[in-house]
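Undergrad: First the structure, which I've put down as structure tokens, then a few questions once you've had a look.
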Amino acid sequence: TDPGRADLDPSDRAMLDYAIKLTLAPGEMTADDVAALRRAGFDDRGIHDVCAIVGYFAFVNRIADGLGVELE
């Protein structure tokens, strides 16, 4: 229930931290956030994929919320 306390390997921790920040505070993202992913072993493609997936889910959830879509 608390992502900050999850027992993760360093690359998963970096990815989760990036995803949480991009979701909750997208305007506060900096080059340091990308650098943290690089230090954890992500290459350009991996960084792009993490960012794209997080952004996609944010987009889809906002569309669903905006249209009043309810889960079955």
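The values are calculated or read from the model by the stated rules, or taken from the named source; none is laboratory data. In this text, all values refer to a predicted model and were calculated from it rather than measured experimentally. For neighbour counting, all protein chains shown are included, and Cβ atoms are generated from backbone atoms with ideal geometry for every residue, glycine included. The protein model used for the area step is the full one, side chains on, heavy atoms only, and it has no ligands, DNA or RNA in it. Shrake-Rupley method; radii C 1.70, N 1.55, O 1.52, S 1.80 Å.
Undergrad: Across the range 13-32, what is the total count of residues that are in contact with a helix residue (DSSP H, G or I) (Cβ under 9 Å, 6 or more places away or on another chain) and either among the hydroxyl-bearing types (Ser, Thr, Tyr) or not in a helix (DSSP H, G or I) (or both)?
TA: 3
Undergrad: Mind checking whether some residue in the range 59-68 is among the acidic types (Asp, Glu) and under 15 Å from the mean Cα position of the chain (by Cα)?
TA: No: the range 59-68 contains no residue that is among the acidic types (Asp, Glu) and under 15 Å from the mean Cα position of the chain (by Cα).
Undergrad: Let me ask something else. Filtering the range 33-52 down to residues that are touching a residue at least 24 places away in the same chain (Cβ under 8 Å) and assigned to a helix (DSSP H, G or I), which residue is nearest to Ala14 (Cα to Cα)?
TA: Across the range 33-52, the extreme among qualifying residues is Arg39.
Undergrad: Output the residues belonging to the range 18-72 that are open to solvent by 100 Å² or more (accessible area, probe 1.4 Å) and aromatic (Phe, Trp, Tyr).
TA: Correct list: Tyr56, Phe57, Phe59.
Undergrad: Can I ask one more? Go through Leu37, Leu8, Leu67 for me and flag whichever is touching a Leu at 6+ places or on another chain (Cβ under 7 Å) and at negative phi.
TA: Leu8
Undergrad: Then there is this: When you look at Tyr56, is it within 22 Å of Thr1 (Cβ to Cβ), assigned to a helix (DSSP H, G or I) and modelled with pLDDT of 95 or more, yes or no?
TA: no
Undergrad: Output the number of residues of the range 1-17 satisfying the condition of being over 21 Å from Tyr56 (Cβ atoms), hydrophobic (A, V, I, L, M, F, W, C) and surrounded by 12 or more Cβ atoms within 10 Å (Cβ to Cβ).
TA: Total satisfying the criteria: 1.
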